[in-house]
Every structure is written in structure tokens, then in C-alpha cells.
Amino acid sequence: MNEQICAHLSAIKSITQAAEAVCEECIGQGTTWLHLRTCQTCQKTLCCDSSSEQHMSHHCRSTGHPVVISSEPGERWLYCYVDDQMAGY
Ligand SMILES: [Zn+2]
Ligand SMILES: [Zn+2]
Ligand SMILES: [Zn+2]
């Protein structure tokens, strides 16, 4: 694990978990997802980069929200899209 975590990751003081384990944009489009991520800026839960629609990636690029967590059960990590950096919690 990288000891030098970026300012976005070190600014996260508490973790917001997914309210619902679904990608709301996939549900709207009728597409399916692989894994879910939850935005730590606005608490939106969207699908990961391995999913065909990559909604979280689009969300972070269009809004500038930098940090997401994995919403998968048992996974405890944060990811910063700006710095392409992960951290455990
Ligand atoms: Zn960062
Ligand atoms: Zn999606
Ligand atoms: Zn967001």
C-alpha cells in the first residue's frame, strides 16, 4: 500500500456507505452492472469501471467529485479518480 496518500483521500474523515445496492443510472437505462461504487462527495451509488456503462467514472469526470468507495460487501477501500490512488480504511 502506498503510504503517501493524496489530499482527496486524506480529507475523507468518515465513510458513507451505499444507501441502496443498485446503480440508479443502469436501472434507468435497463443496463446491468458488475460492481458498485459510492461517491464520497454526493453519496451517489453508481457502477464501476469494469461495468459496461462505467457510470461512476462518468460521474466523477463530469462533476469533479474525486473519491469513491467500493460498495461491495466485505471490500473496505477508497479510490481517488484524480490521482488514480487507492487506500484501505
Ligand atoms: Zn486524490
Ligand atoms: Zn451503471
Ligand atoms: Zn458525486
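FYI, it's all coordinate maths here, none of it is from the lab. For clarity, every value in this text was computed on a predicted model and none was experimentally measured. Virtual Cβ from ideal backbone geometry, glycine too; neighbours counted across all protein chains shown.
Using helices alone, what [θ] at 222 nm do you get for the chain, with -39,500 (n - 2.57) per DSSP H run of 4 or more residues, divided over all residues and rounded to the nearest 500?
Calculated at 222 nm, the ellipticity per residue is -5000 deg cm²/dmol.
Pull out a ≥ b ≥ c, the square roots of the eigenvalues of the alpha-carbon gyration tensor of the range 44-87, then state rounded if a/c is under 1.5, prolate if not and a/b is larger than b/c, and oblate in the remaining case.
oblate
Using DSSP to call loops (not H, G, I, E or B), can you name the trypsin sites (Lys or Arg not before Pro) in the range 20-89 whose Cβ has at most 13 other Cβ atoms within 10 angstrom?
Passing sites in the range 20-89 are R76.
Taking each pair of different alpha-carbon atoms in the chain once, compute 1/r for the pair, average those values, and report the inverse of that mean as the Kirkwood hydrodynamic radius in Å to one decimal.
One decimal place: 13.0 Å for the Kirkwood radius.
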